[in-house]
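Below: the structure, in structure tokens.
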Amino acid sequence: MLDTAAQHSFQKRLSTIRTLDKQSLLDPRERTRLTVQDAGLSAFFEYQGQTYVIRDISPYEEMSDDFKTPQGFFIYELTCLCLDTGETVHFEWEYDDALEISMTLERYSFRELTDDRGNALDGDDLDRIAENKDGIIAGNETFWYEDDWAAVYKKDGRRENVYMYEFENEDHTRFLTVEEWSGSSRDTYRIYTSVPVEPGGISLVTKGEPKG
């Protein structure tokens, strides 16, 4: 007997699967030609043997450090439901000379992080770490400073200022991102690891619909 949460997750996934219109299925040639850039809301896609449906697409737009001037670069966040597990999973894609995709893994708080000398961290340490190109330890793995930049996140007609601090491990196989969100009486932070995704590893099942 499934518990209440499991029943709710199962029913949610079942009702989502029932929205799949067979006439919208892509033929094999289209699935080979199209990438995640072509996916819209409610698009179905497969990755590593699991099937996902896109629930939301929201962009981060790079800005000048004072958040006033757009820089013409975007990262698109895809909020997806995994139909195999019922989990919400985030993918991000950007195009800068080539298509790059990542998949979010663990979430962290500052209590779970230290600097590369083992000292405790908080948001006030981020600028120092970026200036010195130091590292952050998360999950017994060291991630070294790579970049920092300002962005505006756009979702449901709202705009929020976000400052991004980006780190990567020695092998360039895992990333750590610290997002500093401002605009209220105090800053809030989102901290997570992610891994690169081979663009050809994502196979669209349907294209979905354009957002907006």
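Laboratory data are not the source of any read-out in this text; all were calculated from the coordinates shown. Keep in mind that this is a model prediction, so the values were computed, not measured. As a convention, Cβ positions derive from the backbone with ideal geometry for all residues, glycine included, and neighbour counts pool all protein chains shown.
Just a few scattered comments:
- Loop-exposed trypsin sites (Lys or Arg not before Pro) per DSSP, neighbour cap 16 Cβ within 10 angstrom, longest uninterrupted part of the chain: 134-185
- Rounded FRET efficiency, nearest 0.05, which uses the C-beta distance separating residue 160 from residue 33 and R0 of 45 Å: 0.80
- Against the main long axis of the alpha-carbon atoms of the chain, helix 4-17 sits at an angle near 60°.
- From phi via Karplus (6.51, -1.76, 1.60), per-residue ³J(HN,Hα) for region 44-55 in Hz, x at Gly/Pro: 9, 8, 10, 8, 6, x, 10, 10, 10, 10, 7, 9
- Pairs of Cα atoms in the chain fall into 10 Å distance bins, from 0 up to the last occupied one, in shares of 8, 30, 33, 22, 7, 1 percent.
- All other residues whose Cβ lies under 10 angstrom from that of residue 151 are scored, Lys and Arg at +1 and Asp and Glu at -1, for a net of -3.
- Burial ranking of peptide ranges 92-98, 118-124, 47-53 (average Cβ count within 10 Å, highest at the top): 47-53, 92-98, 118-124
- Taking the helices alone, the chain has a mean residue ellipticity at 222 nm of -3500 deg cm²/dmol, built from -39,500 (n - 2.57) per DSSP H run of at least 4 residues and averaged over all its residues.
- With R₀ set to 25 Å, the beta-carbon distance separating residue 66 from residue 116 gives a calculated FRET efficiency near 0.25.
- Shape summary: region 107-197 maps onto an equivalent ellipsoid whose semi-axes, from the alpha-carbon gyration tensor, are 22, 15, 12 Å in decreasing order.
- Among 74, 44, 110, residue whose mean-square fluctuation peaks in a GNM of the chain (springs only between Cα atoms under 10 Å): 110
- For residue 99 and residue 134, a Förster radius of 41 Å and the Cβ-Cβ distance give a FRET efficiency of 0.85, rounded to the nearest 0.05.
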